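The values are calculated or read from the model by the stated rules, or taken from the named source; none is laboratory data. Fair warning: this is a prediction, and the values are worked out from it, not measured in the lab. Virtual Cβ from ideal backbone geometry, glycine too; neighbours counted across all protein chains shown.
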Protein chains: 2
Amino acid sequence: MDQVIIGVDIGGTNTVIGMFDDDLSLIKKTSVPSKELSIKNPEQFIQSLALEINRFAAHQTIISVGVAVPGKVDGGLGIVELATNLSWENVELAKGLSDILQVPVRIEHDVRSYTIGEAMKGAGVGYDNIVCLTIGTGMAVGTIVNGQLIAGSDFLAGELGHDTVPGISNECACGKIGCLETVVSAPGISRLAAEKVSSNKGTLLRLVEGKITALDVYEASEKGDAAAKEIFDYVGNTLAQKLATVVYLLNPEVIIIGGGVAAAGDFLLNPIRKTLEVECPFYIADLNIKIGQLGDSAGLIGVAHLAKESIKL
Amino acid sequence: MDQVIIGVDIGGTNTVIGMFDDDLSLIKKTSVPSKELSIKNPEQFIQSLALEINRFAAHQTIISVGVAVPGKVDGGLGIVELATNLSWENVELAKGLSDILQVPVRIEHDVRSYTIGEAMKGAGVGYDNIVCLTIGTGMAVGTIVNGQLIAGSDFLAGELGHDTVPGISNECACGKIGCLETVVSAPGISRLAAEKVSSNKGTLLRLVEGKITALDVYEASEKGDAAAKEIFDYVGNTLAQKLATVVYLLNPEVIIIGGGVAAAGDFLLNPIRKTLEVECPFYIADLNIKIGQLGDSAGLIGVAHLAKESIKL
């Protein structure tokens, strides 16, 4: 039987399981509604996930497993300290899965997993100092400095989405006012687009059943809609004002934009670059700003990498 | 003869030389006007500094030397790539000194040296994730993550003093408008104080020969002067808005405030803490904010530490 590494990316809605060969090439992946795995009950979830993994890899020999988790993760101890969206607290995920599957299990924060993925196989290959953003439902940052992933003293590094932007008054899900991710996120872009629809008569942007998505804004931008492009200009500029501080502090070689909103490509990259040219004139010449290359497989690839490392330990 | 380690802290005005025993206790130090060492001519400076060091340690055996430099330093190669204030470019400082003194020489950026000093012997002892600010003529940051000093991909990490603050329109010496250090620095505090003198009739602050210093503002604060305290409140709050981003990004255990302006103590610490309590509610409980403990010896102690390390290599 072939030896494979399994990567798992737990999400509130779907949990994705990927199978990798020893070179960390993705062989296949599957997505399971997290509800079906009893996501809100960690003990049951671990049982269900193990079953699902064994079914998925029925004809292979699993040699190790990596799991990306949307929460506060102590990767060394293998414990999910807190995952608010999943209602988990102090879940011994690595040990629980390892006991059933009888292979080494590594776990890591989802954005940090994503960052490792892009660093090992994507837009970060060849760089030692990487800032990797995921912009989707929320926004966060993974940071690699001197080749080393930064978790912070209490596993809370990278929550830049909750840093306050002066002058912004939107309420955030976290309870604060004006968090960066109230603008720099898919819901933020939707809200800005809905505002444009009512204020701008000439725009191609339209509400469909009261809604408009970040993808709609991208498609309107592609068609040359000025109002749609203004939204990405505003989002990119707002983000870049914060990234400027990151650049001054860490002097990274590359900033990678990932997550669903990264599909906006140059509509988002151009205003980011333009603002950083003004804000960071001493850094910009040697600073690469790129869209991530692995899409939503980045997290899986990242944890698969960690899982592969764990075999050598 | 006693074996000693020499630390040197090069400044545009004065160059300080310190002598340390093997436990990195400071035995004595001396300050020499940098002009007398021909600071603007790096070849002559190296010769003069070596002479000065040999004179300073005439009755001891020097086993290694560390030098803190106000510029862009490649510590690994021992080269000062650029020190604008000294008019130096690509100076092989470590090799030059080592050739004359015949001992290992390590060099490092002055703020990073300061940070190592506070980490090894000062306010950072016992912490692995440290953000250390020096606030004096300018403002910069040294960062230690997982026990590792961050230099950045091009030795430009930590120049937070040149990050733009929204709404501030002061011109900075770097050519940009609104840099953080136009407010958060000794000259910034002097300027704010001069403005208070002309706008606030009740204040104890007074111009003496057209000037007022950060120290004057501190002394007026000590006497309970509201206008003086308002200056530190404004400076602390402005600084903390940027530090919030640093906290979200790196989740440090401790923020150390060093440099001459740190003498303001609680007048500066209190507004910083107050603003971070609002901006970083999820981090503040486990975040220590302290004044540095080593004063202007921190840089010397830091490079002495590097020098001691170099012997083991």
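Residues in segment B:118-146 that are closer than 22 Å to B:Ile5 by Cβ and out of contact with any strand residue (DSSP E or B) (no Cβ under 9 Å at 6 or more places or on another chain): B:Met120, B:Lys121, B:Val125. Condition first: without any contact (Cβ under 8 Å) to a residue 40 or more places away in the chain and either within 21 Å of the chain's Cα centre (by Cα) or more than 14 Å from chain B (Cβ to nearest Cβ) (or both). Now tell me which residues in segment A:233-257 satisfy that. Hits for segment A:233-257 are A:Asp233, A:Gly236, A:Asn237, A:Ala240, A:Ala244, A:Thr245. When B:Leu51 is tested against (1) assigned to a helix (DSSP H, G or I); (2) in contact with a strand residue (DSSP E or B) (Cβ under 9 Å, 6 or more places away or on another chain), exactly one condition is not met: (2).
Just one residue in the set A:Phe56, A:Phe45 is under 17 Å from A:Gly18 (Cα atoms) and among the aromatic types (Phe, Trp, Tyr); that residue is A:Phe56.
The residues on offer are B:Glu118, B:Glu181, and the sole one that is acidic (Asp, Glu), in contact with a Gly (Cβ under 6 Å, 6 or more places away or on another chain), over 27 Å from B:Leu93 (Cα atoms) and surrounded by 19 or more Cβ atoms within 10 Å (Cβ to Cβ) is B:Glu181. Every condition in (1) closer than 24 Å to B:Gly258 by Cβ; (2) part of a loop (DSSP other than H, G, I, E, B) is met by B:Val103 except one, and the failing one is (1). At the interface with chain A (Cβ under 9 Å from one of its Cβ atoms), under 27 Å from A:Pro166 (Cα atoms) and among the acidic types (Asp, Glu) - does that describe any residue in segment B:259-281? Within segment B:259-281, one or more residues are at the interface with chain A (Cβ under 9 Å from one of its Cβ atoms), under 27 Å from A:Pro166 (Cα atoms) and among the acidic types (Asp, Glu). Out of B:Ser31, B:Ser25, one residue alone is surrounded by fewer than 16 Cβ atoms within 10 Å (Cβ to Cβ), within 19 Å of B:Gly302 (Cα to Cα) and either under 18 Å from the mean Cα position of the chain (by Cα) or in the same structural domain as B:Thr137 (by TED's automatic domain parsing) (or both). It is B:Ser31. None of A:Val69, A:Val105 is crowded, with 20+ Cβ neighbours inside 10 Å, within 22 Å of A:Ser25 (Cβ to Cβ) and of a type in the set (A, V, I, L, M) except A:Val105.
Is segment B:224-234 home to any residue that is modelled with pLDDT of 95 or more, closer than 30 Å to B:Gly66 by Cβ and in the same structural domain as B:Cys132 (by TED's automatic domain parsing)? Checking segment B:224-234: not a single residue is modelled with pLDDT of 95 or more, closer than 30 Å to B:Gly66 by Cβ and in the same structural domain as B:Cys132 (by TED's automatic domain parsing). Taking the criterion of being within 12 Å of chain A (Cβ to nearest Cβ), under 21 Å from A:Cys280 (Cβ atoms) and over 8 Å from the mean Cα position of the chain (by Cα), the only residue of segment B:112-140 that qualifies is B:Val131. For segment A:145-161, a residue qualifies if it is within 7 Å of chain B (Cβ to nearest Cβ), surrounded by fewer than 18 Cβ atoms within 10 Å (Cβ to Cβ) and assigned to a loop (DSSP other than H, G, I, E, B), and exactly one does: A:Asn146. Screening A:Gly124, A:Gly96, A:Gly66, A:Gly18 for residues that are of a type outside the set (D, E, K, R), modelled with pLDDT of 95 or more and touching a His at 6+ places or on another chain (Cβ under 8 Å) leaves exactly one candidate, A:Gly66. Applying the criterion of being small (Gly, Ala, Ser) and in contact (Cβ under 8 Å) with a residue 40 or more places away in the chain to the residues of segment A:35-63, the residue that is nearest to A:Thr84 (Cα to Cα) is A:Ala50.
If you go through segment A:162-190 and keep only what is part of a helix (DSSP H, G or I), more than 8 Å from chain B (Cβ to nearest Cβ) and not charged (D, E, K, R), you end up with A:Leu180, A:Thr182, A:Ala186, A:Pro187, A:Gly188, A:Ile189, A:Ser190.
Conditions tested, residue by residue: (1) closer than 30 Å to A:Lys176 by Cα; (2) of a type in the set (S, T, N, Q); (3) in contact with a Lys or Arg (Cβ under 8 Å, 6 or more places away or on another chain); (4) not in a helix (DSSP H, G or I).
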{"residue": "B:Leu192", "(1), (2), (3), (4)": "no, no, no, no"}
{"residue": "B:Asp216", "(1), (2), (3), (4)": "no, no, yes, no"}
{"residue": "B:Ala227", "(1), (2), (3), (4)": "no, no, yes, no"}
{"residue": "B:Glu230", "(1), (2), (3), (4)": "yes, no, yes, no"}
{"residue": "B:Tyr234", "(1), (2), (3), (4)": "yes, no, no, no"}
{"residue": "B:Asn237", "(1), (2), (3), (4)": "yes, yes, yes, no"}
{"residue": "B:Val247", "(1), (2), (3), (4)": "yes, no, no, no"}
{"residue": "B:Ala262", "(1), (2), (3), (4)": "no, no, no, no"}
{"residue": "B:Leu268", "(1), (2), (3), (4)": "yes, no, no, no"}
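Annotation: of all residues in segment B:282-307 being farther than 12 Å from B:Thr115 by Cβ and β-branched (Val, Ile, Thr), the one that is farthest from the other protein chains (Cβ to nearest Cβ) is B:Ile291. Considering every residue within segment A:76-85, establish whether at least one is of a type in the set (Gly, Ala, Ser) and surrounded by fewer than 16 Cβ atoms within 10 Å (Cβ to Cβ). Yes, the conditions are met somewhere in segment A:76-85.
Are any of the residues in segment B:137-144 part of a loop (DSSP other than H, G, I, E, B) and polar (S, T, N, Q)? Checking segment B:137-144: at least one residue is part of a loop (DSSP other than H, G, I, E, B) and polar (S, T, N, Q).
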